[in-house]
1. Starting from 0.36 nm per residue, how many nanometres of slack lie between GLU107 and ASN31 once their C-alpha separation is accounted for?
2. What are the membrane-span-like helices in the chain by this rule: whole DSSP H runs, Cα extent along the axis at least 30 Å, mean Kyte-Doolittle hydropathy at least -1.0?
3. Output the pairs from LYS15/LYS65; LYS8/LYS54; LYS51/LYS92; LYS15/LYS51; LYS27/LYS54; LYS27/LYS92 with a Cα-Cα distance over 20 Å in this structure; if there are none, say none.
4. At a threshold of 8 angstrom on Cα-Cα distance, excluding pairs fewer than six apart, so keeping six or more, what relative contact order does region 47-92 reach in percent?
Amino acid sequence: MNEDILWKQRFSNYKKAAMQLEEFIEKDELNKFEIQGLIQCFEYTFELAWKTMKDYLENEGFEVKSPRQTIQTAFQTQLVTDGHTWIDALEKRNLMAHTYDEGVAKEAEQLIKQKYYGIIKELLNKLEN
């Protein structure tokens, strides 16, 4: 019962973070400060995403320890359909810490908008149903 509540609370926070991320995604042009905000928002949304997956999977009886193992199990159980993009996002998180470099920040913005937002939204929709 406790794990059930835990994953639902985490999911609630994940949903709020995803809605904030969506506000950034829907803007046409972002200035450099908004790009930094987008990247930070993505970082904590991604963190909540994999932790929500972990809580959900544990509630379903799976034992997962790391973000990578969580993503792999989520893919195997069809909780997520694009395991490669999830792993890519996990690996690129470190790159995103360098938002002071405008080139890196622009690259991160494109990845978030074109690749990573889709997987965030897909997981959200899957967990809502």
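All of the numbers you see were taken from the coordinates with simple rules; none came from a lab. Since we're looking at a predicted model, the values are computed, not measured.
1. On the way: separation 76, 0.36 × 76 = 27.36 nm, distance 1.40 nm.
Roughly 26.0 nm would be gained on extension.
2. In the chain, the long hydrophobic H runs are 2-26, 32-59.
3. LYS15/LYS65; LYS27/LYS54; LYS27/LYS92
4. Numbers: 30 pairs, mean separation 13.4, N = 46.
29 percent.
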